[in-house]
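The values are calculated or read from the model by the stated rules, or taken from the named source; none is laboratory data. Everything numeric here is computed off the predicted structure, so don't read it as measured data. With ideal geometry, Cβ positions are generated from the backbone for all residues, glycine too; neighbour counts draw on all protein chains shown.
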Number of protein chains: 4
Amino acid sequence: MIIVFKKDATEAEKQHVYEKIEELGLRHQSIIGEELTVVGVIGKEDAIRTLPFEAMPGVDYAMPILKPFKLASVELKKRTVVDVDGVKVGGDEVVLMAGPCSVEGHDMLMEIAEDVKESGAKILRGGAFKPRTSPYSFQGYGKEALEYLAQAREATGLKIVTEVMGPNDVELIEEYTDILQVGARNMTNYQLLSRVGKSSKPVLLKRGFAATVKELLMCAEYILSNGNMNVILCERGIRTFENGTRNTLDLSSIPAIRHQSHLPVIVDPSHGTGKSEYVAAMSKAAIAAGADGLIVEVHNCPEKALSDGEQSLTPEQFNTLVKELRPVAHAVGRKM
Amino acid sequence: MIIVFKKDATEAEKQHVYEKIEELGLRHQSIIGEELTVVGVIGKEDAIRTLPFEAMPGVDYAMPILKPFKLASVELKKRTVVDVDGVKVGGDEVVLMAGPCSVEGHDMLMEIAEDVKESGAKILRGGAFKPRTSPYSFQGYGKEALEYLAQAREATGLKIVTEVMGPNDVELIEEYTDILQVGARNMTNYQLLSRVGKSSKPVLLKRGFAATVKELLMCAEYILSNGNMNVILCERGIRTFENGTRNTLDLSSIPAIRHQSHLPVIVDPSHGTGKSEYVAAMSKAAIAAGADGLIVEVHNCPEKALSDGEQSLTPEQFNTLVKELRPVAHAVGRKM
Amino acid sequence: MIIVFKKDATEAEKQHVYEKIEELGLRHQSIIGEELTVVGVIGKEDAIRTLPFEAMPGVDYAMPILKPFKLASVELKKRTVVDVDGVKVGGDEVVLMAGPCSVEGHDMLMEIAEDVKESGAKILRGGAFKPRTSPYSFQGYGKEALEYLAQAREATGLKIVTEVMGPNDVELIEEYTDILQVGARNMTNYQLLSRVGKSSKPVLLKRGFAATVKELLMCAEYILSNGNMNVILCERGIRTFENGTRNTLDLSSIPAIRHQSHLPVIVDPSHGTGKSEYVAAMSKAAIAAGADGLIVEVHNCPEKALSDGEQSLTPEQFNTLVKELRPVAHAVGRKM
Amino acid sequence: MIIVFKKDATEAEKQHVYEKIEELGLRHQSIIGEELTVVGVIGKEDAIRTLPFEAMPGVDYAMPILKPFKLASVELKKRTVVDVDGVKVGGDEVVLMAGPCSVEGHDMLMEIAEDVKESGAKILRGGAFKPRTSPYSFQGYGKEALEYLAQAREATGLKIVTEVMGPNDVELIEEYTDILQVGARNMTNYQLLSRVGKSSKPVLLKRGFAATVKELLMCAEYILSNGNMNVILCERGIRTFENGTRNTLDLSSIPAIRHQSHLPVIVDPSHGTGKSEYVAAMSKAAIAAGADGLIVEVHNCPEKALSDGEQSLTPEQFNTLVKELRPVAHAVGRKM
């Protein structure tokens, strides 16, 4: 922690800060500049962070130096490969997850599952419990949808990822799914993070649309610190002033995460753009930037979709996309 | 809903859209412009919204016309006054809520409660369960803190507001508190919204830091549609590129909410700015803009606060502030 | 400047940084923490800033400590009162500027000028040269409009403020106007800033809609450092994700500017909200927050306005507004 | 234009709106819904846009239907290839522009020019006139730097791109450069746009950091409507709440521009991220997303750079990057 004193801070004010630091068993060291005095606080990060230095008289501002996350940090470990019942996320291969926004029925799910498997997907996505902006919108078929997902896994061998909306749902969903998805709107639902942190199933943690990469990593830390080390991060766009796309897909989060963390990161170009016609370009870009996988919305009849139809690909479009993605993956040294 | 066709949309594509509209029992009417054709879809809003028009061939884009919220709408009702066990929020009087970010002990809470009551506060705030960015930070004293809050109410007559972080906590917290607070990070925690919507206690719903006013009203709609009509909205700043303040306090949300909704709205200048030295200016501004109340962090020793010390006022500063606020409230025709 | 070394920085890398610092005649001082080493660079700010420390091997990041502006800083001077030919901006009195977005003719301007003067305005605003998003939109009546403005001043005694769009226009506009306005879109047009910095007329500098308060102050510094000390800042809203208003009016910029600078600051609630029905609430809030004045769009027939009709008040609405503003100004100890 | 009436709009108010439309020689057509009435206004876009409908009594809001740009629109033309004295931008080949942020001397420029040419660049970038945040920072070597750029072109055959900061500089810079660059801070400097629109040299127009893609295209329209059809757009990042990168590089602008415009688009990963270690990932992503080229900062000694050292590649890093980019370009069917 670096503390910057105000120009007119008195000696008594400075002494008071030094005492507070010493009370915690920490050390401090001053740098007397031409205009200002700054103080470095030395010691264990957790102890330092408990003091609200900016509330102390004479202090202009305080700047933390140490990163607030530890278990998610690249300093702990170089790279994590998450093993989803045999499918490796974060390794050499770029992993494709695909499927409908919502599970809307048995037959549609089976059809889509077979199609995306054929095209090269390894994991089937599909919402059973849906977080919707309006209380009057379709909220998902719940347990029935989970049954269909399990049947689709049985039939195709695809693994399954589905969203969990609250801590009480984890027990039920764990029974069916291979990956527990925490959605963007729940990224800071700490009770949910703690609960999935105690699960034995891998977690797909989506970046909140107003979260920085650092905050995403802090939320991953909540899961890791509860014991679950199998966390896959997902970039799905952030909210900005640009209204030509549903969100602004921030692909620079990929090198930023690589730089700071060992956790694998995938990209959701469907929510990231909100427009099916931009999905192909952004999928290629994501893989070129180093993403470990993609999660893509595919619907056999987008115009009948009960949610997110305008951003879903048809199975044919997905098939074409995968063919275009392979050379890009190879061009950056990845398998697909 | 207004649908805009692409310039090169074919007759067959248009017919297809018309059929989909008719299948739902809705009507449509076209406007043939010089360059483009647009179609108005006429009927019940909920039915219209189920169709993903933008996924249909030939459609450029679709624009909803009707507002997505009903129970929160000013068209339902002019003004709601929420009665918090005798304290009226949304009426003539500007209501002050004040207290520490976290309840850190019995004595500190009692002291602060007596001080803020003396200054003019009607409601005591204090966190028992705290949502914290880091899993390693102080998470609140839980039930013990709730007991202290109840004791402070007993001693001072102040009403109590405290945060509820998940649906499972509601039952416990309901027993103690007068207002259930849903924090900004949980604004889209729909399971929590549904649960507090079934409570008999009023709800203080904070605006998510990346939420538009419309989205805040949609989240209020979740609560209202579950039967709880006593919702107080709270502006507490949105996330922008400006990093000189913790958030950007969006006071224009006050006239915007008034224009669209009957629900009362209060302002949190402490989280909204993150700096105790800006709290006074923004408190006055909030009341001048028409806020029904304020919720202000007050700590008897901000530099020892376990959270948010840098944005807390001392009881003396709060006392001075209230004296400055009264003439502003009177200048805009409110009591305080 | 504080330099933070990477955990694995070598001694040679650190030595290299120290040498670079010494080459510039600066001093350095290290703080050896438990996990990291940080170095304070001591000396003249301008010299320090010339070194791109983050490009040096072994450096994680560098954080500037000193504020980048000097002449605009509150450390230079407590408060500036700008004298606009007798009208004082930044003193005890809250100054009202009002008038049409564009000067659309002689008679309309005269009428509006007389009306706003009657209501209490001291300065007449009106665009002669208009920056418009579309090259096909009305671009202002240019010199003819300047003549009308001068005639309105003659007739009413109001002072005049009008926008200058490029360095070449300054000479002409200076002849007519009392204040040179630099618009939000031109806040970083450095050639224009330098040119108005050499003018003898006061400058109204509007905050760019993507500019932080610090950046606004840096742009003021461009003007001040060219010799013109009469700069009035103007908050007019920033661009955010909220699309219910044209911009998000950031009133916390008022205490933030007060805290850092001696320059007066006024608020433009018309552009700040884009909606005439929100102008009254935000005008009161601005004054309550400590603004030194307002600049409000007033048109005698908003629905015929060639620009910004939807955010203009009628002269009657402005008259009512001023009556409501006076008690607010008095409540915060200002005259009006 | 679609006009939505308020629910309680009177017949007289509606009639008034109809009359205003008819006065302009336009037609209107109403759609009477169950809750609301909407009106389509039919006729020439430019005429429609002159009426401020939202200022008329009874009108809730108005939504434009037609795109505001014409000459930049994909409806005018499928694709433009800009010919920079023989180097084609927007064709099959991905074009690399590289060089220092600022031209800092004759020898450094020559050295860098030869290196980047060797690696595969076709165009040399280098600032002669620099827009700097601080008036006290290095502002560029001006005409002397232009001379060096011309000498580097002579020696290497590379074409030249350099920034023009104001309309008065165009004449001088035109003599030397092959492309006139309009920087992000000047994207809405309309006098500059008009002036470069009258030049015979191609223009590189950078997206303002708070500009939507639509606004970028409107600014291109300013140039095109002045007669210069050779405009290259440049994505260089937008300003968001994410502070881990200098800007948020919005690569979805590439498919968005393709979808709406015929103009070529390149990407600046150096300013887009502000960190040299992220440049490679984002360069690959840009090409995979369909960019027509890149503009990359390369400095032979980043740590001595007078500006932007922390985001510059060394010539060796650039050489490695180009080798990595080629397979990506080929993977998406482009030459390099």
- prompt: What are the residue pairs meeting all of these: first residue in region C:164-185, first residue of a type in the set (Asp, Glu), second residue part of a strand (DSSP E or B) and crowded, with 20+ Cβ neighbours inside 10 Å, Cβ atoms under 6 Å, and 6 or more apart or on different chains?
  reply: C:Asp178/C:Val84; C:Asp178/C:Lys159; C:Asp178/C:Ile160
- prompt: Mind checking whether some residue in region D:165-180 is modelled with pLDDT of 95 or more, within 30 Å of D:Lys117 (Cβ to Cβ), acidic (Asp, Glu) and assigned to a loop (DSSP other than H, G, I, E, B)?
  reply: yes
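Being in contact with an Asp or Glu (Cβ under 9 Å, 6 or more places away or on another chain), over 20 Å from A:Ile112 (Cβ atoms) and not in a helix (DSSP H, G or I) is the requirement here; does A:Ala291 meet it?
On the way: in contact with an Asp or Glu (Cβ under 9 Å, 6 or more places away or on another chain): yes; over 20 Å from A:Ile112 (Cβ atoms): yes; not in a helix (DSSP H, G or I): yes.
Against the criterion (in contact with an Asp or Glu (Cβ under 9 Å, 6 or more places away or on another chain), over 20 Å from A:Ile112 (Cβ atoms) and not in a helix (DSSP H, G or I)), A:Ala291 qualifies.
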- prompt: From the residues in region B:113-128 that are touching a Leu at 6+ places or on another chain (Cβ under 8 Å) and surrounded by 23 or more Cβ atoms within 10 Å (Cβ to Cβ), which one is nearest to B:Glu316 (Cα to Cα)?
  reply: B:Val116
- prompt: Of the residues A:Ile223, A:Ile287, A:Ile238, which single one is touching a Gly at 6+ places or on another chain (Cβ under 7 Å) and buried (at least 20 other Cβ atoms within 10 Å of the Cβ)?
  reply: A:Ile223
- line: Filtering region B:213-227 for residues that are of a type in the set (A, V, I, L, M) and part of a loop (DSSP other than H, G, I, E, B) leaves a count of 0
Residue ID - farthest from the other protein chains (Cβ to nearest Cβ), chosen from residues in region D:284-312 that are of a type in the set (Asp, Glu) and under 15 Å from D:Leu204 (Cβ atoms): D:Asp292
query: Identify, please: which residue in region D:1-35 is out of contact with any strand residue (DSSP E or B) (no Cβ under 6 Å at 6 or more places or on another chain) and assigned to a loop (DSSP other than H, G, I, E, B) and is, among those, surrounded by the most Cβ atoms within 10 Å (Cβ to Cβ)?
result: D:Ala9
query: Quick one: in region B:315-331, which of the residues that are touching a residue at least 12 places away in the same chain (Cβ under 8 Å) and over 13 Å from B:Ala121 (Cα atoms) is surrounded by the most Cβ atoms within 10 Å (Cβ to Cβ)?
result: B:Val328
task: Please enumerate the residues belonging to region A:71-91 that are under 17 Å from the mean Cα position of the chain (by Cα) and part of a loop (DSSP other than H, G, I, E, B).
output: A:Leu71, A:Ala72, A:Val74, A:Arg79, A:Thr80, A:Val81, A:Gly90
field: Condition broken by D:Asn319, with the remaining ones in (1) assigned to a helix (DSSP H, G or I); (2) within 14 Å of chain C (Cβ to nearest Cβ); (3) farther than 26 Å from A:Ala280 by Cα satisfied
entry: (2)
message: List pairs: first residue in region A:236-255 and more than 7 Å from chain D (Cβ to nearest Cβ) and in contact (Cβ under 8 Å) with a residue 24 or more places away in the chain, second residue surrounded by fewer than 24 Cβ atoms within 10 Å (Cβ to Cβ) and of a type in the set (Val, Ile, Thr) anywhere in the structure, Cβ distance under 8 angstrom, at least six positions apart or on different chains.
response: A:Gly237/A:Thr245
message: Which residue is farthest from the other protein chains (Cβ to nearest Cβ), if the candidates are limited to region C:97-153 and must be on the phi > 0 side of the Ramachandran plot and in contact with a Phe, Trp or Tyr (Cβ under 7 Å, 6 or more places away or on another chain)?
response: C:Gly142
query: Conditions: (1) surrounded by 18 or more Cβ atoms within 10 Å (Cβ to Cβ); (2) touching an Asp or Glu at 6+ places or on another chain (Cβ under 7 Å). A:Gly43 meets all but one. Number of the miss?
result: (1)
message: Tell me the residue from B:Val94, B:Val84, B:Val103 that is in contact with a Gly (Cβ under 9 Å, 6 or more places away or on another chain) and either at pLDDT 95 or above or charged (D, E, K, R) (or both), please.
response: B:Val94
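Quick one: how many residues across region A:53-68 are more than 19 Å from A:Thr10 (Cα to Cα) and at the interface with chain B (Cβ under 8 Å from one of its Cβ atoms)? Write out each step before concluding.
Step one: of region A:53-68, the residues more than 19 Å from A:Thr10 (Cα to Cα) are A:63-68.
From what is left, the residues that are at the interface with chain B (Cβ under 8 Å from one of its Cβ atoms) are A:68.
Number satisfying all stated conditions: 1.
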- prompt: Does B:Lys67 satisfy being of a type in the set (D, E, K, R) and in contact with a strand residue (DSSP E or B) (Cβ under 7 Å, 6 or more places away or on another chain)?
  reply: yes
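So in region D:181-200, with the set limited to residues that are assigned to a helix (DSSP H, G or I) and of a type in the set (A, V, I, L, M), which one is nearest to D:Arg132 (Cα to Cα)?
Pass one, region D:181-200, residues assigned to a helix (DSSP H, G or I): D:184-186, D:190-196.
Checking which are of a type in the set (A, V, I, L, M) leaves us with D:184, D:192-193, D:196.
Values: D:Ala184: 12, D:Leu192: 18, D:Leu193: 20, D:Val196: 21 Å.
Step by step, filter region D:181-200, then rank; the result is D:Ala184.
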